[in-house]
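The structure appears right after this line, and notes come after that.
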Amino acid sequence: MSAMSDPQRKYEEVRHRFLSRTKSGRARIEELADAIDAIGCEKAAAEIEQLAHRLAGSAGTFGLAEIGRRASEAELEANALRRGKATHRSLAGTARAMSAAIEASE
Amino acid sequence: MNDVSLPRLLLVEDDPDIREIAIMALEDIGGFTVHACVDGIEALAQAQSIRPDLIILDWMMPGMNGGQTLARLREMDATSDIPIVFMTAKVRPEETSRMLELGAIDVVAKPFDPVALPAHMRQIWEKYLATAGSGS
């Protein structure tokens, strides 16, 4: 008999789904990082900022603190790039770090 | 003993996992009654038909964002007085000030702790009742 309460079980189910969905989005993050790095693609930078914002606001709810931290860094870097205070290379770097955190998470 | 009855909530959140965790926390842990919808357009329709006591509104949503949704809710007689709490990852001081200036009664930061969320919402509600009751 499982000792897990109903809310706990529901939480684990949703967390698992969230992490699976996030991991399956890694390829897109890597693609965007390459586009930002190689050609300074602004559309890719905007999409990274949006993705990072979403992850920064949700990962911590599921106990995925490192993903949340790296996502916040990527969001801040994207914002800084828009204001001319960062480079495409640095944004690509933070996006890849976010991707690595996703890969490492369980 | 605090016998303030719990408000009926309308949760407006486009992320399906966040929406599900928030509903679970508020209903299963907190005992709230929660109606949920996924965007601003649905929020306008549901707020008019359900007349919730309190709306929890995401800020960044596709289409109509939280600020635009709040403005539209304020324009309709049926929903103009419903108190609104923003739930958002945009929590720099200038961002939260702007949300309060737009008319929100409070701002809840994302990511949220699902275990703590119900008590936080209850606290916000009790503070709102105390303020509304005093006429200030």
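I'd like the residue in the stretch B:97-134 that is aromatic (Phe, Trp, Tyr) and in a helix (DSSP H, G or I) and, out of all such residues, is most open to solvent (accessible area, probe 1.4 Å).
By that ranking, first place goes to B:Tyr128.
Table: residues versus (1) of a type outside the set (A, V, I, L, M, F, W, C); (2) in contact with a Pro (Cβ under 8 Å, 6 or more places away or on another chain).
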position: A:Gly57; (1), (2): yes, yes
position: A:Ala80; (1), (2): no, no
position: A:His88; (1), (2): yes, no
position: A:Met98; (1), (2): no, no
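What are the residues in the stretch B:23-41 that are of a type in the set (Gly, Ala, Ser) and closer than 24 Å to B:Ala71 by Cα, if any?
B:Ala36, B:Gly40
Between a residue in the stretch B:1-22 that is closer than 17 Å to A:Glu12 by Cβ and open to solvent by less than 10 Å² (accessible area, probe 1.4 Å) and any residue that is part of a strand (DSSP E or B) and modelled with pLDDT of 90 or more, which pairs come within a Cβ distance under 9 Å, given they are 6 or more apart or on different chains?
B:Ile18/B:Asp58; B:Ile18/B:Met87; B:Ala22/B:Leu11; B:Ala22/B:Val34; B:Ala22/B:Ala36; B:Ala22/B:Ile56; B:Ala22/B:Met87
Return the pair list, or none, for Cβ contacts closer than 6 Å from residues in the stretch B:107-127 that are on the phi < 0 side of the Ramachandran plot and modelled with pLDDT of 95 or more to residues that are of a type in the set (Ser, Thr, Tyr) and open to solvent by 10 Å² or more (accessible area, probe 1.4 Å), at least 6 apart or on different chains.
B:Val107/B:Thr96
Taking the condition of being open to solvent by 70 Å² or more (accessible area, probe 1.4 Å), in contact (Cβ under 8 Å) with a residue 40 or more places away in the chain and charged (D, E, K, R), how many residues in the stretch B:57-91 meet it?
Number of matching residues: 0.
May I ask you to verify whether B:Glu94 is open to solvent by 30 Å² or more (accessible area, probe 1.4 Å) and either away from chain A (no Cβ under 14 Å) or in contact (Cβ under 8 Å) with a residue 24 or more places away in the chain (or both)?
no
Looking only at the stretch A:82-100, decide whether some residue is closer than 27 Å to B:Ala22 by Cα and modelled with pLDDT of 95 or more.
yes
For the stretch B:63-78, what are the residues that are out of contact with any Ser or Thr (no Cβ under 8 Å at 6 or more places or on another chain) and under 13 Å from B:Cys37 (Cβ atoms)?
Passing the criteria: B:Gly63, B:Met64, B:Thr69.
Would you kindly identify the helices (runs of 4 or more DSSP H) lying entirely within the stretch A:1-105 that contain at least 1 residues that are in contact with a helix residue (DSSP H, G or I) (Cβ under 9 Å, 6 or more places away or on another chain) and among the polar types (S, T, N, Q)?
Because the criterion is at least 1 residues that are in contact with a helix residue (DSSP H, G or I) (Cβ under 9 Å, 6 or more places away or on another chain) and among the polar types (S, T, N, Q), the helices (runs of 4 or more DSSP H) in the stretch A:1-105 that meet it are A:6-24, A:42-58, A:65-82, A:88-104.
Would it be correct to say that A:Ser20 is free of Cβ contacts under 8 Å to residues at least 60 places away in the same chain and surrounded by 14 or more Cβ atoms within 10 Å (Cβ to Cβ)?
Judged against the criteria, A:Ser20 is not a match.
Can you tell which of A:Gly25, A:Gly57, A:Gly68 is under 24 Å from B:Asp58 (Cβ atoms), at pLDDT below 95 and under 11 Å from the mean Cα position of the chain (by Cα)?
A:Gly57
The values are calculated or read from the model by the stated rules, or taken from the named source; none is laboratory data. Keep in mind the model is a prediction, meaning the values are calculated, not measured. Note: ideal-geometry Cβ built from the backbone for every residue, glycine included; neighbour counts use all protein chains shown. Heads up: the accessible areas ignore ligands, DNA and RNA and are worked out on the full protein's heavy atoms, side chains in. Shrake-Rupley method; radii C 1.70, N 1.55, O 1.52, S 1.80 Å.
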